[in-house]
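Presented below is the structure to which this report refers.
The values are calculated or read from the model by the stated rules, or taken from the named source; none is laboratory data. Every value quoted in this text rests on a predicted model; they were computed, and no experiment measured them. Using ideal geometry, Cβ is built from the backbone for each residue, glycine included, and neighbour counts are taken over all protein chains shown.
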Amino acid sequence: MENAGRGRKVLYIIGITAGVYLTFRFLLPLVIPFLIAWLGAGLMAPSVRFLEKKLRMKRGMATALVGILFFAFLGTVGLWLVHKLMEELGSLVCSLGNLEEFLNEKLRYFCCEVEENFGLKPDTIYFAASSGMTQLISTAEEKAMPLVMSNSLPIVKSLFEGIAVVFITLISMLMICKDYDILQEKRERMMFAEEVDAILKKISGAMGAYLRTQGILMLITACICVAGLFVLKNPYAMLLGIAIGILDALPFIGTGIIFLPWAAVMGIMGEWRLCVGLLVIYGACYLVRELLEPKLMGKQIGMTSLEMIISMYVGIRLFGLAGVILGPVGYLLIVELFHSFCGNTN
């Protein structure tokens, strides 16, 4: 009997895991715009309810007003960020024309320092390194254009698909918000509503704590990086700061992978002000994460650090970058479904 019970539990685990994987792989991409719309409608619903009850506005008019204000705020912030990022990106692209000259100048300085310190003949190292760098740049230029041309159509197609998905999500958000209370009542009357709510509450509590923590830390890290690079008079402070903030939220990657090599190169080149400044920015980001992460996340995640890392790795292998979120969510979903079917086991 005991062996039969264990075999049944193994079959449950296999079946639940397969079901979660197939749901994430095939069903989730179809419903994700509407899930996002539901979450957005949930954020807008209290304001709509306030206008409806306190100011006696009709539900449709209140939804339209809140929607306009909500989208206007997001659009203003988004357009400002996009404008700033495109401005810095354009500056970066323009400066690439002088990249070979800049690298050649820094390479000569570095090679001269090494040759002088080791008593080598002038230009011994520089000649070999310069030839290698020229060949590398030439090869990159030869391969860059075919790569851009071969990927241009898929990129344009993905861009239009993304715009369509955003439009559908926004329209769905307004429609859901208009009938939010009615839809909530229908959802509560659905079959297995209590069981589904219990599972979702557990998962949303854990993953909400994780996503909220990572979002706050990513925002703080990006702000520190942007402010620090701005003080160091880096012309791409906004672009680099936001990119580093996003990278810091990814598993196995942190600010150190950017700042430590960068600081080391600046130290070798004798740029001690930049070297120290970059180390200070890295130290501030590291301290913020170490101090705030345990306090923000606490015990709510319901997973050990090892389980989190493993689930993220498996998620990335199965779903790509989205696996950073889908991996832990899938793990929690499998555990909760197993406990629902088999009882709480050790």
When both residues are 6+ apart or on different chains and their Cβ atoms are under 9 Å apart, which pairs have a first residue that lies in the range 327-340 and is polar (S, T, N, Q), and a second that is assigned to a helix (DSSP H, G or I)? Ser340/Glu195; Ser340/Ala198; Ser340/Ile199
Surrounded by 13 or more Cβ atoms within 10 Å (Cβ to Cβ), farther than 30 Å from Cys342 by Cβ and free of Cβ contacts under 8 Å to residues at least 12 places away in the same chain: which single residue out of Met61, Met44 fits that description? Met61
Considering only residues that are β-branched (Val, Ile, Thr) and buried (at least 18 other Cβ atoms within 10 Å of the Cβ), look in the range 252-277 and name the one that is farthest from the chain's Cα centre (by Cα). Ile258
Among the residues of the range 213-236, count how many are assigned to a helix (DSSP H, G or I) and either without any contact (Cβ under 8 Å) to a residue 60 or more places away in the chain or of a type in the set (Ser, Thr, Tyr) (or both). 14
Condition met for Phe73 (modelled with pLDDT of 85 or more, part of a helix (DSSP H, G or I) and farther than 16 Å from Ser172 by Cα): yes
Does at least one position in the range 109-124 carry a residue that is part of a helix (DSSP H, G or I), within 30 Å of Ala41 (Cβ to Cβ) and modelled with pLDDT of 70 or more? no
Check whether at least one residue in the range 291-314 is closer than 30 Å to Met86 by Cβ and modelled with pLDDT of 85 or more, and report yes or no. no
For the range 147-197, give me each residue that is at pLDDT 85 or above and under 30 Å from Phe338 (Cα atoms). none
Scan (1) under 26 Å from Met312 (Cα atoms); (2) surrounded by fewer than 17 Cβ atoms within 10 Å (Cβ to Cβ); (3) small (Gly, Ala, Ser) for the single condition Gly245 breaks and write down its number. (2)
